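Structure, as structure tokens:
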Amino acid sequence: MSVRKPRTVVVDDSRFMRGLITDLLDEGGIPVVGEAKDGVEALEVVKEEQPDAVTMDLEMPRMDGIEAVERIMAEQPTPVLMLSAHTEDGAEVTFEALEKGAVDFFSKPGGEVSMGVSQHGEQLIETVRSVADADLQQASRQTGQQQRQPASASAGGTTTTGLEPFDDTRTVLIGSSTGGPDAVEQVMSELPVGDCRVIIIQHMPEAFTSRFADRLDAASRYDVREASDGARIGAGEALVARGGSHTEITGYSNGRIRVGLIEEDLGLSVHPAVNVTMESAAETIDDPMTGVILTGMGSDGTDGICAIQEAGGRTVAQDEESCVIYGMPKRAIEAGCIDAVCDINDIATTIREMVQ
């Protein structure tokens, strides 16, 4: 089977960084067909070369990465991978870039940036390949839907989706990767509040998951926060697995879940891993569960969703047509561990119907 070799344009205001990224991609078999030092040049190069993917820096003179993404998506729609600083400020502007249409992001670790990128060269190459395969129509669709989402419902558990509040001590576990932030936000904004508890596992660096939790807290009817070691949640609460570690379910009693953080990588390529959380949930929680696998590359989540089904839980996967990247759901479906496959617009309704 031939390996995907997406033609790529590299955009960064640092000549050294452009050269470094170009070398890494070239070594990984990904041809770099153009470079640009700012957003203005990026628009010209993308129009001329019509690449399969673009790596985009955020902070640049004349036109920054956010405006460049918005212009590219309007004038020459092309999958964009943001290169962002591994900081809270970097997280904030990265989410803004995702709202403008960027498909995914690759975090530049703090300290010596060149060393950090070099050490994560294989991950960068894999991510560029994944981004190049993204369904831009679905990415744009999700972005538009999120921009139109109503604000969180008023106190008292009322909803704007027509769904009645949950009356069920159910745990919902949601796993996602590329394209996941928008998809998770949509599901959470449409999920009725009640006795349900939610745990979200999104492949994302540590500096980003706290900000992601804040966004979900504002968009949903749940009290959402980033997971911490020993944290507990009950009805109407949600946790976002912290980046850079794994979140496991360590206890369950009286409708409350306790989690612990595993700092070791466990030999896994993603941190947090969906499998770790879902498998521990299947072992620990004896009340009803629903496992959900959304858009993302790779196969993380397959073992976990199968464990949930084997424990008597119900399982849902996003369908291919509405995925930005149809990797994780496809693997879970192929494993025979999914009870329902549906469009992203129907995920929240399907979870509610499973409760009934």
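Could you please give the count of residues in the range 253-268 that are assigned to a loop (DSSP other than H, G, I, E, B) and either free of Cβ contacts under 8 Å to residues at least 12 places away in the same chain or under 23 Å from the mean Cα position of the chain (by Cα) (or both)?
7
When you scan the range 152-172, do you find a residue that is modelled with pLDDT of 90 or more and in the same structural domain as Val224 (by TED's automatic domain parsing), even just one?
yes
Tally up the residues in the range 327-338 that are free of Cβ contacts under 8 Å to residues at least 60 places away in the same chain and under 21 Å from Val128 (Cα atoms), please.
Residues meeting the conditions: 3.
Would you pick out the residues in the range 334-356 that are out of contact with any helix residue (DSSP H, G or I) (no Cβ under 9 Å at 6 or more places or on another chain) and over 17 Å from Val172 (Cα atoms)?
Across the range 334-356, there are no qualifying residues.
Kindly establish whether Ser220 is touching a residue at least 24 places away in the same chain (Cβ under 8 Å), touching a Leu at 6+ places or on another chain (Cβ under 8 Å) and of a type in the set (Gly, Ala, Ser). Even if it seems obvious, please write down each step before you answer.
On the way: touching a residue at least 24 places away in the same chain (Cβ under 8 Å): yes; touching a Leu at 6+ places or on another chain (Cβ under 8 Å): yes; of a type in the set (Gly, Ala, Ser): yes.
Here the answer is yes, as Ser220 does meet what is asked.
Which residues, counting only those in the range 24-34, are at negative phi and either in contact (Cβ under 8 Å) with a residue 60 or more places away in the chain or within 27 Å of the chain's Cα centre (by Cα) (or both)?
Leu24, Leu25, Asp26, Glu27, Gly28, Ile30, Pro31, Val32 - these are the residues of the range 24-34 that are at negative phi and either in contact (Cβ under 8 Å) with a residue 60 or more places away in the chain or within 27 Å of the chain's Cα centre (by Cα) (or both).
With the structure loaded, tell me whether Val259 is under 22 Å from Gln123 (Cα atoms) and among the hydrophobic types (A, V, I, L, M, F, W, C) or whether it fails that test.
No: the conditions fail for Val259.
Here is a list of conditions, (1) modelled with pLDDT of 95 or more; (2) out of contact with any Pro (no Cβ under 8 Å at 6 or more places or on another chain), and Asp265 meets all of them except one; can you say which number that is?
That leaves (1) as the condition not met.
Identify all residues within the range 320-340 that are in contact with a strand residue (DSSP E or B) (Cβ under 6 Å, 6 or more places away or on another chain) and surrounded by fewer than 17 Cβ atoms within 10 Å (Cβ to Cβ); write none if there are none.
Glu320, Asp339
Does Asp57 count as within 22 Å of the chain's Cα centre (by Cα) and more than 24 Å from Gly90 (Cβ to Cβ)?
On the way: within 22 Å of the chain's Cα centre (by Cα): yes; more than 24 Å from Gly90 (Cβ to Cβ): no.
Considered against the rule, which asks whether it is within 22 Å of the chain's Cα centre (by Cα) and more than 24 Å from Gly90 (Cβ to Cβ), Asp57 comes out as no.
Looking only at the range 51-59, decide whether some residue is out of contact with any helix residue (DSSP H, G or I) (no Cβ under 7 Å at 6 or more places or on another chain), modelled with pLDDT of 90 or more and under 26 Å from Arg4 (Cα atoms).
Yes - at least one qualifying residue is present in the range 51-59.
The values are calculated or read from the model by the stated rules, or taken from the named source; none is laboratory data. Treat the numbers as computed from the prediction; the structure is a model and nothing was measured. Note: ideal-geometry Cβ built from the backbone for every residue, glycine included; neighbour counts use all protein chains shown.
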